[in-house]
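Working notes, beginning with the structure itself.
Please treat every number below as a calculation from the coordinates, not as lab data. Just so you know, these numbers come straight off a predicted model, no measurement behind them. As a convention, Cβ positions derive from the backbone with ideal geometry for all residues, glycine included, and neighbour counts pool all protein chains shown.
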Amino acid sequence: CFDEFNRLIAEVLSVCSTQYKAVLDSIVAKRKTFVLEGAELKLDPTCGAYITMNPGYIGRTPLPESLKALFRPVTVVVPDFALIAENMLMAEGFTQAKLLAVKFINLYTLCKDLLSK
């Protein structure tokens, strides 16, 4: 897993694209080994690579199309904590789960904002 992958410069991203494509091509071809920069390496066909990015921030490089084609995009959003808390409280049998969930979320938000980390 590569966190903040788009902080790398374009040249490095291009090299990553070429190298990861070699791995994927070897998996598709069901090879036991593959060659990377002159070295023959053993291949685990169950391997995978994951990248995280925060596009739109200063200093982020857009991914080259060759690299975008190798990964599936997944968008992550901030969860609705009040709804999650309400469902957890309902599952435990609270009859005023909605009201109690809002109070809990307010408490947790205050704790997060005001207490030291």
Are there any pairs with C-beta distances below 7 angstrom linking a residue in the stretch 21-50 that is of a type in the set (Phe, Trp, Tyr) to a residue that is surrounded by 11 or more Cβ atoms within 10 Å (Cβ to Cβ), with the two at least 6 apart or on different chains, and if so which? Phe34/Ala22; Phe34/Val23; Phe34/Ser26; Phe34/Leu41; Phe34/Leu43
Could you list all residues from the stretch 90-117 that are among the β-branched types (Val, Ile, Thr) and farther than 19 Å from Val78 by Cα? Thr95
